[in-house]
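Below you'll find the structure, written out as structure tokens, and then a few comments.
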Amino acid sequence: MPREHERGTRACIMFKKILVANRGEIAVRVIRACREMGILSAAVFSDVDRAALHVLMADEAYSIGAAAAAESYLNINKILQVAKRCGADAIHPGYGFLSENATFAQACAGAGIKFIGPSAVSMEMMGSKTRARQEMEKAGVPFVPGTSRALESVQQARNVAAEIGYPVMLKAAAGGGGKGMRLVDSAQELQRSLEGAQSEAQRAFGDGEVYLEKAIPNPRHIEMQVLADEHGNTVYLGERECSIQRRHQKVLEEAPSPLVDPEMRRCMGEVAVQVAKAADYCNAGTVEFLVDAERNFYFLEMNTRLQVEHPVTELITGLDLVHLQIRIAAGEKLPFRQEDVPIRGHAIECRIYAEDPDNNFFPSAGTIETLLTPAGPGIRLDNGVYAGWTVPIDYDPLLAKLIGYGQDRQQAVSRLARALPEYFVAGIKTNLGLFRRILADEDFRSGKIDTGYLERLLKVETSSEGDDKKRTVNIAAIAAAVFTLLDSTSKTAGNGTASNQEGATSPTTSSWKRAARTEALM
Ligand code: MV4
């Protein structure tokens with residue numbers, strides 16, 4: 001029998017079973033929310049994920065095909081077939097995979113299964129950057145000067161660029177994540193760059209549409225979490241600072257942003273709500289902004305999914321975003337108003353990836369021999385793996401997210417710095433060492449970060465290395481580029497492959513490692 005929750009005059013019927021159409025830590029995160037809410041969870045798994053943590057944790061699990069994402073986690077028919085067979089009344093898509101696929105959202109609706117996310121119409125609007133710009137222009141949202149339609153000729157591009165001034169940025173309408181993007185410094189470069197951007201966009205997205213924007217030098221990437229119910233209520237839940245990225249992959253995120261004060265937060269939040277309303281948006285979403293050196297902010301794009309970095313927002317607001325997503329999808333009204341959303345304390349998330357920092361952050365698949373995880377005051381670990389599990393090469397290599405929180409930024413930093421040496425992973429390479437470096441860095445500690453920060457930090461070290469090392473790094477870079485290209489054509493995720501390590505390069509040697517060495521000497 002369905003359980004009813006009274007909300008004002010409406011009676012909402014809560015789901016009985018949710019199919020989780022994802023894997024790894026985010027599938028675990030959603031399964032936990034289901035269990036807390038008394039909802040059954042059904043996992044799906046590919047051939048290489050038979051023994052994955054999300055499969056072990058769910059109430060039920062179903063095989064959906066071969067390792068290749070296109071055969072399994074991106075296979076709409078297969079997933080819907082399983083959902084119907086097991087009697088799921090809703091599907092949570094997590095992030096990546098089918099989470100921003102309008103066709104999938106539509107197919108769920110057609111099958112009478114609730115898609116936990118926005119409508120296919122909202123998704124489609126935000127899926128095209130030019131469409132989104134046109135809509136935001138109508139709504140009066142601030143965005144970077146440029147064109148909101150496809151460039152039709154080099155001459156047109158020249159005219160617009162001359163008007164707004166160089167440098168300009170060429171971007172793919174279907175893009176995101178930097179694919180098909182070109183920085184252009186002068187009129188002479190424009191033709192070559194336009195042709196390059198168009199063919200790259202065509203190859204990556206099957207859509208060569210490219211538009212032009214004024215380039216913001218060394219911007220910050222700050223995004224605003226929004227939440228909207230099906231009754232017209234929309235709120236913002238504060239911003240996340242996401243400037244620490246490598247090759248368009250986020251590495252470390254925090255909330256609130258060290259740059260944003262309450263006044264700026266209110267302005268940005270209100271603009272984000274305006275964006276959501278213009279898109280007739282429902283459920284959890286994120287509005288991305290570029291912020292320039294004068295703290296002006298510009299709408300960039302909207303992500304129509306729950307994001308990897310949602311925990312930092314949860315920690316500073318005290319809200320559970322996955323619970324809220326589920327309640328909203330079940331038709332409930334938002335249980336609070338904007339004035340009731342507190343922003344307190346500070347949270348910082350480290351994305352722990354199976355990557356080799358000494359090999360240009362190339363994914364490091366293999367069996368986890370040992371896994372010791374940190375805990376204690378102010379530490380949250382959203383983990384997707386266990387000791388004995390073999391990390392497959394087929395997907396994004398995110399292992400876990402380590403989040404530190406405290407009353408203020410300094411406490412969050414010191415708790416994270418305390419937790420990192422407690423973390424020990426053997427059998428595969430990880431990027432743990434990178435976080436020790438970031439947390440010890442003077443610029444990071446004083447909040448001086450922009451989208452060029454990580455590249456600057458990583459450069460300091462590689463420049464002093466020998467020729468052999470450089471050759472290896474070059475070969476690794478080529479391999480990584482091939483991997484990225486292969487990966488992007490299957491469009492598995494906007495949240496992917498990031499970064500790095502556990503090595504001789506890190507300033508602090510793990511105490512676990514020291515213990516192991518001491519033991520080896522005895
Ligand atoms: C920009 C920009 C500067 N000016 N647009 C990169 C990915 C895509 N989502 C937007 N990106 C950028 N757009 C203008 N007009 C700089 C970037 C950018 C960037 C943005 C966010 C996070 C990291 C970045 C790294 C390099 C460039």
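No lab work stands behind these numbers, since they all come straight from the coordinates. A quick note: this is a predicted structure, and the numbers were derived from the prediction, not measured. Because the Cβ atoms are built from the backbone with ideal geometry, glycine has one as well, and the counts that use them run over all protein chains shown.
Count charges around LYS17 for me, please; just the other residues with Cβ under 10 Å from its Cβ, Lys/Arg as +1, Asp/Glu as -1. All intermediate terms of the calculation are to be shown ahead of the outcome.
Numbers: positive: LYS16; negative: ASP59, GLU60, ASP89.
Result for the neighbourhood of LYS17: -2.
Take the alpha carbon atoms of the stretch 121-160, find their radius of gyration, then divide it by 2.2 N^0.38 Å using N residues; give the quotient. Provide the component values of the computation, followed by the final result.
Details: Rg = 11.5 Å, N = 40, 2.2 N^0.38 = 8.9 Å.
It is 1.29.
Kindly put GLU200, GLU369 in sequence by how many other C-beta atoms sit within 10 Å of each C-beta, fewest to most.
Working: GLU200 19, GLU369 11.
Ascending Cβ contact count within 10 Å gives the list GLU369, GLU200.
When Rg is the radius of gyration of the Cα atoms in the stretch 254-359 and Rh is its Kirkwood radius, what does Rg/Rh come to? Walk me through the numbers before you get to the answer.
Values: Rg = 15.5 Å, Rh = 15.6 Å.
A ratio of 0.99.
What does the charge add up to near GLU288, with Lys and Arg as +1, Asp and Glu as -1, over the other residues with Cβ less than 9 Å from its Cβ? Overall, the nearby charge balance is -2.
In this structure, the residue pairs whose Cα-Cα separation is over 19 Å, taken from LYS129/LYS214; LYS429/LYS459; LYS129/LYS401, are LYS429/LYS459; LYS129/LYS401. Using only side-chain charges placed at the Cβ, +1 for Lys and Arg and -1 for Asp and Glu, the dipole size of the stretch 51-193 relative to its Cα centre rounds to 240 debye.
Strictly greater than 18 Å: what percent of every Cα pair in the stretch 227-270 meets that?
The calculated P(r) of the stretch 227-270 puts 44 percent of pairs beyond 18 Å.
Applying the Kirkwood pairwise sum to the alpha-carbon positions of the stretch 309-383 produces a hydrodynamic radius of 15.8 angstrom. From the alpha carbon centroid of the stretch 165-186 to that of the stretch 31-54 is 39 Å.
Comparing Cα centroids, the stretch 201-269 and the stretch 367-382 end up 29 angstrom apart.
The alpha-carbon of LYS17 sits under 14 angstrom from the alpha-carbons of these aspartates and glutamates, leaving out residues fewer than 8 places away in its chain: GLU36, ASP59, GLU60, ASP89.
By the count of other C-beta atoms within 10 Å, a proxy for reagent exposure, ARG192, ARG265 are ordered fewest to most as ARG192, ARG265.
Only Cα sites of the chain enter the Debye sum here, all with the same form factor; the resulting log10 I(q)/I(0) across q = 0.06 1/Å is -0.28, listed in q order.
Run the helix sum for the chain: -39,500 (n - 2.57) per DSSP H stretch of 4+ residues, divided by residue count, reported at 222 nm to the nearest 500 deg cm²/dmol.
Values: 17 runs with 189 residues, N = 522.
The helix-only estimate for the chain comes to -11000 deg cm²/dmol at 222 nm.
In straight-distance terms, cross-link reach from LYS448 covers every one of the aspartates and glutamates whose alpha-carbon lies under 19 Å from its own, apart from those fewer than eight places away in the same chain; here that gives GLU223, GLU239, GLU241, GLU253, GLU254, ASP261, ASP292, GLU294, GLU349, ASP408.
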